[in-house]
Amino acid sequence: MAIRGRIERRHFSPLSPPGTVLLALLVATPAMADIRAEVDSIYPQMQALYRDLHQNPELSNQEVKTAAKLASGLRALGFEVTTGIGGTGFIGVMKNGPGPTVVLRTELDALPVTEATGLPFASKVRVKDASGAEVGVMHACGHDAHMSAWMGTATLMARSKSGWRGTLVLVGQPAEELGVGARAMMADGLLKKIPKPDFALAIHDDSRRPAGEVGYLAGPIMTNVDYLDITVHGRGGHGARPETTIDPVVIASRIVVTLQTIVARENSPFDPAVVTVGAIHGGTKHNVIPDEVKLQLTIRSFTNEVRDKLIAAVERIAKAEALAANATKEPTITRAIVAQALVNDPALTARVSTALIRELGENQVKQAEREMIGEDFTEWHLAGIPSLTLRVGTVNREKFEAASKGGVPLPSLHSAVFSPDAEPTIKSAIAAEVIALRELLK
């Protein structure tokens, strides 16, 4: 395989020995082997794996076959594998002499979404979820692409052990979509089973970015995520005699409308925030006013100060609307902390992004934007380990350009019609991961 070279740029003083500058210019330092050729050589295997994973998705905490398949692949490559961490989670460890310890994580789970992509390898899986309801299952968040790239990266790293030193830890994490998988693995002693990591890496696909493009951003990149469940209490009765009731449907409706003023009128426009009511449940029949109505909310923020302010405002508004309607009692409000804000370590981001730009070019590696989604990979950051999540574009370039000119809108992640442009997406993800790992495991 051809080896590229690059000339190091060095600074010399006027007192440098004669010929020093000329010598520096003539001696090219060895650069990384052509990563694109390496990726091309293994892509057919990764494409087959991707289609298999896509056709056979498993819901959060049910990823038994997925985990077994990937763990078997790591064993075949020479990794020391430990399974059953935090449920279906597992790790593969490859020690290659003295050096840093670097973690690379992938997620295993799919979503309860019935696929409508029309792909020849579309998922037809239907299972019962945790509540017992039958649901379709689909990799609508691209975790199948993540896993395929992760396995491709494992393959290339195992083949090129002469080019890096240290310990590589590959983590297969369950239940990312529920925001509980990383915590479960940590609680099950994950960090005691491996050398203390110096760095932790992950990728996540991006449905707003053209396929093949890699995004990076230092600092907060994804948000705090909180779920609030609000039960509005009223007094039910006949729909034809509303004067004998306290209607929780009306109270809940007022709460939903008033909540819209929190971001618009109480929060600074310079502090990104989201308050969304994702579900409202109440009532059984046209002419029956129910005793209660339930609301389900998601709250998104980047800082704890904004987070606390949003939650306090939701609670205040819910209680005030109930009081104004003379409700029988205050709403019942419960909170679940799903994820903390995902923060990319600035020094690590600078080091890896420099390597990516050097190897892939500025046209392929660009700064990303913050996004109001959550990701439990932040548990590594919270454990004091410098961490970095890279974004990888998924959108076919022709569709991306058409959409940017007012054409058909692009489906987002979690959509029943989301489908990445697989080849450039997976290839760029493998290349980005391998470059980052080789940079950190020099």
Next item on the list: Arrange the peptides 285-296, 118-129 so that the one whose residues have, on average, the most other Cβ atoms within 10 Å appears first.
Entry: 285-296, 118-129
Next item on the list: Work out how much length S160 to E315 would gain on full extension: take 0.36 nm times their residue separation and subtract the Cα-Cα distance, in nm to one decimal.
Entry: 50.2 nm
Item checked: Rough spin-label spacing in nm, given labels placed 7 Å along Cα→Cβ, for H414 and E401 -> 3.2
Margin query: Starting from 0.36 nm per residue, how many nanometres of slack lie between A324 and Q296 once their C-alpha separation is accounted for?
Written below: 7.9 nm
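Taking the Cα centre of the chain as origin, work out the dipole magnitude from +1 charges on Lys and Arg Cβ and -1 charges on Asp and Glu Cβ, in debye rounded to 20.
Roughly 840 debye for the chain.
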Margin query: Based on C-alpha coordinates, I'd like the Rg and Dmax of the chain, in Å.
Written below: 25.4, 101
Notebook entry, point to check: What order do you get for 321-330, 136-145, 237-246 when each peptide is scored by the mean count of other beta carbon atoms within 10 Å, highest first?
Noted result: 136-145, 321-330, 237-246
Notebook entry, point to check: Using a simple charge model, +1 on the beta-carbon of Lys and Arg, -1 on the beta-carbon of Asp and Glu, nothing else, what dipole does the stretch 224-339 show about its Cα centre, in debye to the nearest 20?
Noted result: 160
Next item on the list: May I ask for the Kirkwood hydrodynamic radius of the stretch 224-339, worked out over all distinct Cα pairs and given in angstroms to one decimal?
Entry: 14.7
Next item on the list: Please work out the C-alpha center-to-center distance from the stretch 120-191 to the stretch 237-298 and express it in whole Å.
Entry: 37
Next item on the list: Would you work out which of A273, V180, V103 lies farthest towards the positive end of the dipole of the chain, given +1 charges on the beta-carbon of Lys and Arg and -1 on that of Asp and Glu, about the Cα centre?
Entry: V103
Margin query: If you filter the stretch 384-429 for trypsin sites (Lys or Arg not before Pro), then keep DSSP loop positions with at most 10 other Cβ within 10 Å, what is left?
Written below: K405
Check: Over the alpha carbons of the stretch 140-228, what is the largest minus smallest coordinate on each principal axis, giving the biggest first in Å?
Finding: 50, 37, 26
Checklist line | Packing rank of 77-83, 346-352, 99-105, where each peptide gets the mean count of other beta carbons within 10 Å, highest leading | finding: 99-105, 346-352, 77-83
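Taking only pairs that are 8 or more places apart or on different chains, how many Lys pairs in the stretch 224-339 have Cα atoms under 21 angstrom apart?
Count of close lysine pairs: 5.
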Next item on the list: With unit charges on the beta carbon (Lys/Arg positive, Asp/Glu negative), name the residue among T223, V93, P112 whose Cα is farthest towards the positive pole of the charge dipole of the chain.
Entry: V93
Note to self: Quick check on the chain: of the DSSP beta bridges with both residues there, what percent are antiparallel, nearest 5%?
What the structure shows: 70
Check: Give or take rounding to whole Å, what are the principal axis extents of the alpha carbon atoms in the stretch 67-171, in descending order?
Finding: 50, 29, 20
Margin query: Suppose the chain between E243 and F270 were pulled fully straight at 0.36 nm per residue; how much longer would it get relative to their current alpha carbon spacing?
Written below: 5.2 nm
Notebook entry, point to check: Among H381, L170, G142, whose Cα lies farthest out toward the positive end of the dipole of the chain, if unit charges sit on the beta carbon of Lys, Arg (+1) and Asp, Glu (-1)?
Noted result: L170
Notebook entry, point to check: Over its Cα atoms, what ratio of radius of gyration to 2.2 N^0.38 Å does the stretch 375-442 give?
Noted result: 1.45
Check: If R0 is 41 Å, what FRET efficiency do you get for I194 and D229 from their C-beta distance, rounded to 0.05?
Finding: 0.65
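Quick note: the coordinates plus some simple rules give every number you see, no bench work behind them. Remember, predicted model here, so these are calculated numbers, not experimental data. Counting neighbours? That spans all protein chains shown, and the Cβs are built from the backbone with ideal geometry, glycine included.
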